[in-house]
Amino acid sequence: MSITLSQQTAMDRAVRHLVAQYNPKGNRVGWLMMSSILVEAWDLYSIAFVLIFIRDQFHPDPLMLGLAAAGTQGGALIGALLGGWLADKIGRRVMFLSTMIMFIFAVLQAFVPSVGWLVVVRFILGIPLGSDISNGYTYIMESMAKGEREVMGNRWQFMFAIGQVLTLGVVVLFIISSVPQELIWRIVLGLGAVPALIILVMRHDLPETAVWLIRRGRFREAKKVTTQMFDDPLDMLPDEDVVVPQPHPAEFLADTRKDPIRWHATIYGWIACFAQSGEFSTFAFYLPVLFVMVGVSSILGTSLVTMALYIIAAISGWVGPLLTPKIGHRGISIAGFSIVLVSLLIAAWALYTGTTFVLPFAAAGMLWGHYWDASNCMTIPSVVAKPQYRGTASGFAYMFVKLPAFLAIFLFPSLFAAIGQANATLLVAIFPLIGLLAAIFILPEVYGYESD
């Protein structure tokens, strides 16, 4: 049975109804998606804290070392595009469970015989990592009320910081316990499989989003899900399923351009994704290596200092979303990029002058600002996207996070060697400058935005 005009109207009413109401179960779904980001944080960034041990064991050249660190970012670039499209085509639930199962293969990192094999394993692992973010954002945007979903979406950086603090805590514990360095990096990288397994076991019964079911014309399943989760049978929908024509994945670009607010917000999201990823992947990702190179502290001391920095980052990642309802997406973006820009300039000055004691303070400021400016770069393009292609839109936006991350992490060790630490840090300041200008001149305020 093909869809009629009255059925189309009922679909639109049902979707608007769902995103207009608050329900605690929807909030729990949001936190579940955030917990899966904790797994991603461990798998993507734990290598930054054990990169020194890998270097000392295998003695790779800077390019190979950078490729080992960037392998997951390259795989995530593919996973973001593929996973977002599949989330729209076959459903959010299937993709969520698939990525959780694939995350478990992180344990293979513990057994690689060489850096080359580590690169291969991390590249493959990156594919579900990229898919998880795009799918997770569709779940959040379709399971929570407007306003609430933006705050939850902006918490992804908080979860990244928590993952990094936990990783550093494990590294510090192993160092204090005199665990051999060649075992530390293997255990730390392999441990990423544990939280993925826990989430899979605890949440294997997660239902499909009602919004996706509605947009696919599967009304009976949608009514069953909303009755189960929200005690709401969606009486405005008919009781029989209908055939709903599905848009081509590329149509989201043409359709988004029809609405100036949606288009400008999406463009900003892409720019902000690129800028925040560039600033973090070049400077913050290599903080442990940088601290050792400039003689700030020992490996243990560096790990403790870095752990303290990411505790500060976690606080920032929690505070930023709470401020978003008060100052909006524009306010949090402008403040975040401004803080990062100033902090990087101070860090460059400290490296030029040899005033290395300033570096941890500049890094703290940089991370505080970064966890604000990065908080909404995925939320904005996801929240303004129509449900029919929200997964594709989220995945496309995440591509702008993963591409600069892959290139920066891969090439930055060589850049360090070629132009020096101070010049490289000054060059990184271009990223927050681009993000700041985009926040001022491109981004419309879209907090509380409701897509069709």
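Quick grid of which residues meet (1) more than 17 Å from the chain's Cα centre (by Cα); (2) closer than 30 Å to Phe230 by Cβ; (3) touching a residue at least 60 places away in the same chain (Cβ under 8 Å):
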{"residue": "Val107", "(1), (2), (3)": "yes, no, yes"}
{"residue": "Phe111", "(1), (2), (3)": "yes, no, yes"}
{"residue": "Ile124", "(1), (2), (3)": "yes, no, no"}
{"residue": "Gly136", "(1), (2), (3)": "no, yes, yes"}
{"residue": "Glu148", "(1), (2), (3)": "yes, yes, yes"}
{"residue": "Gly153", "(1), (2), (3)": "no, yes, yes"}
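If you scan segment 46-84, which residues turn out to be open to solvent by 30 Å² or more (accessible area, probe 1.4 Å), more than 30 Å from Ser394 (Cβ to Cβ) and in a helix (DSSP H, G or I)?
Answer for segment 46-84, where residues must be open to solvent by 30 Å² or more (accessible area, probe 1.4 Å), more than 30 Å from Ser394 (Cβ to Cβ) and in a helix (DSSP H, G or I): Arg55, Asp56, Gln57, Phe58, Pro62, Leu63, Met64.
Looking at the structure I just gave you, is Leu38 open to solvent by less than 50 Å² (accessible area, probe 1.4 Å), within 23 Å of Met144 (Cα to Cα) and in contact with a helix residue (DSSP H, G or I) (Cβ under 6 Å, 6 or more places away or on another chain)?
Yes, satisfied.
Look at Ile175 and say whether it is surrounded by fewer than 17 Cβ atoms within 10 Å (Cβ to Cβ) and among the aliphatic types (A, V, I, L, M).
Details: surrounded by fewer than 17 Cβ atoms within 10 Å (Cβ to Cβ): no; among the aliphatic types (A, V, I, L, M): yes.
For Ile175, the condition - surrounded by fewer than 17 Cβ atoms within 10 Å (Cβ to Cβ) and among the aliphatic types (A, V, I, L, M) - is not met.
Got a sec? Which of Leu437, Leu403 is open to solvent by 50 Å² or more (accessible area, probe 1.4 Å) and closer than 20 Å to Leu77 by Cβ?
Details: Leu437 fails: closer than 20 Å to Leu77 by Cβ.
Result: Leu403 is the single residue among Leu437, Leu403 that is open to solvent by 50 Å² or more (accessible area, probe 1.4 Å) and closer than 20 Å to Leu77 by Cβ.
Identify, by number, the condition in (1) touching a helix residue (DSSP H, G or I) at 6+ places or on another chain (Cβ under 7 Å); (2) surrounded by fewer than 18 Cβ atoms within 10 Å (Cβ to Cβ); (3) not basic (Lys, Arg) that Val94 doesn't meet.
(1)
Taking into account only those residues within segment 1-28 that are at pLDDT below 80 and farther than 20 Å from Val242 by Cα, which is surrounded by the fewest Cβ atoms within 10 Å (Cβ to Cβ)?
Among those residues, the one meeting the criterion is Pro24.
Which of the following residues is among the small types (Gly, Ala, Ser), touching a helix residue (DSSP H, G or I) at 6+ places or on another chain (Cβ under 9 Å), surrounded by fewer than 23 Cβ atoms within 10 Å (Cβ to Cβ) and touching a residue at least 60 places away in the same chain (Cβ under 8 Å): Ala250, Ala193? Working first, answer last.
On the way: Ala250 fails: touching a residue at least 60 places away in the same chain (Cβ under 8 Å).
Ala193 is the lone residue from the list that is among the small types (Gly, Ala, Ser), touching a helix residue (DSSP H, G or I) at 6+ places or on another chain (Cβ under 9 Å), surrounded by fewer than 23 Cβ atoms within 10 Å (Cβ to Cβ) and touching a residue at least 60 places away in the same chain (Cβ under 8 Å).
Going by the structure shown, is Leu237 surrounded by 21 or more Cβ atoms within 10 Å (Cβ to Cβ) and more than 30 Å from Met102 (Cα to Cα)?
Details: surrounded by 21 or more Cβ atoms within 10 Å (Cβ to Cβ): yes; more than 30 Å from Met102 (Cα to Cα): yes.
So Leu237 fits the description; yes.
Which of the residues that make up segment 193-238 are polar (S, T, N, Q) and part of a loop (DSSP other than H, G, I, E, B)? Break it down into steps so the answer makes sense when it comes.
Kept after step one, since they are polar (S, T, N, Q), are these residues of segment 193-238: 209, 226-228.
Correct list: Thr209 only.
Which one is farthest from Ser281 (Cα to Cα), of the residues in segment 139-169 that are of a type in the set (A, V, I, L, M, F, W, C) and open to solvent by 30 Å² or more (accessible area, probe 1.4 Å)? Full working, then the answer.
Step one: of segment 139-169, the residues of a type in the set (A, V, I, L, M, F, W, C) are 140-141, 144-145, 151-152, 156, 158-162, 165-166, 168.
Then keep just the ones that are open to solvent by 30 Å² or more (accessible area, probe 1.4 Å); that gives 158, 162, 166.
Values: Phe158: 17, Ile162: 17, Leu166: 19 Å.
Among those residues, the one meeting the criterion is Leu166.
Among the numbered criteria (1) of a type in the set (A, V, I, L, M); (2) surrounded by fewer than 24 Cβ atoms within 10 Å (Cβ to Cβ); (3) farther than 25 Å from Glu450 by Cα; (4) at pLDDT 95 or above, which single criterion is violated by Val340?
Only one criterion in (1) of a type in the set (A, V, I, L, M); (2) surrounded by fewer than 24 Cβ atoms within 10 Å (Cβ to Cβ); (3) farther than 25 Å from Glu450 by Cα; (4) at pLDDT 95 or above is unmet by Val340, namely (2).
Condition first: acidic (Asp, Glu) and in contact with a His (Cβ under 9 Å, 6 or more places away or on another chain). Can you find one or more residues in segment 250-273 that meet it?
First, pick out the residues of segment 250-273 that are acidic (Asp, Glu): 251, 255, 259.
From what is left, the residues that are in contact with a His (Cβ under 9 Å, 6 or more places away or on another chain) are none.
The answer is no, given that none of the residues of segment 250-273 is acidic (Asp, Glu) and in contact with a His (Cβ under 9 Å, 6 or more places away or on another chain).
Restricting to segment 164-192, and then to whatever is in a loop (DSSP other than H, G, I, E, B) and at pLDDT 90 or above, can you tell me which residue is nearest to Glu40 (Cα to Cα)?
Filtering segment 164-192 for residues in a loop (DSSP other than H, G, I, E, B) gives 177-180, 191-192.
From what's left, at pLDDT 90 or above: 177-180, 191.
Values: Ser177: 27, Ser178: 28, Val179: 25, Pro180: 26, Leu191: 12 Å.
Ranking the qualifying residues of segment 164-192, first place goes to Leu191.
Are any residues in segment 116-129 at pLDDT 90 or above and either open to solvent by less than 10 Å² (accessible area, probe 1.4 Å) or closer than 16 Å to Leu44 by Cα (or both), and if so, which ones? Before the answer, list the steps.
Keep residues of segment 116-129 that are at pLDDT 90 or above, which gives 116-128.
Hits for segment 116-129 are Leu118, Val119, Val120, Val121, Arg122, Phe123, Ile124, Leu125, Gly126, Ile127, Pro128.
Among the residues of segment 356-388, how many are closer than 18 Å to Val19 by Cβ, assigned to a helix (DSSP H, G or I) and open to solvent by 10 Å² or more (accessible area, probe 1.4 Å)?
Looking only at segment 356-388, we keep the residues that are closer than 18 Å to Val19 by Cβ, and these are 376, 378-388.
Checking which are assigned to a helix (DSSP H, G or I) leaves us with 379-384, 387-388.
Among the residues that remain, those that are also open to solvent by 10 Å² or more (accessible area, probe 1.4 Å) are: 388.
Number of matching residues: 1.
Check whether at least one residue in segment 388-401 is on the phi < 0 side of the Ramachandran plot and free of Cβ contacts under 8 Å to residues at least 12 places away in the same chain, and report yes or no. First the steps, then the outcome.
So in segment 388-401, the residues on the phi < 0 side of the Ramachandran plot come out as 388-401.
Now restrict to residues that are free of Cβ contacts under 8 Å to residues at least 12 places away in the same chain: none.
Taking every residue of segment 388-401 in turn, none turns out to be on the phi < 0 side of the Ramachandran plot and free of Cβ contacts under 8 Å to residues at least 12 places away in the same chain.
Go through (1) in contact with an Asp or Glu (Cβ under 7 Å, 6 or more places away or on another chain); (2) within 30 Å of Gln228 (Cα to Cα); (3) open to solvent by 20 Å² or more (accessible area, probe 1.4 Å) one by one and return the number of the condition Trp31 breaks.
Here Trp31 clears every test but (1).
The values are calculated or read from the model by the stated rules, or taken from the named source; none is laboratory data. All of these numbers come straight from a predicted model, not from anything done at the bench. No Cβ is skipped: glycine too gets one built from the backbone with ideal geometry, and neighbour counts run over all protein chains shown. To get the accessible areas, we keep the full protein, side chains included, count just its heavy atoms, and leave off ligands, DNA and RNA. Shrake-Rupley method; radii C 1.70, N 1.55, O 1.52, S 1.80 Å.
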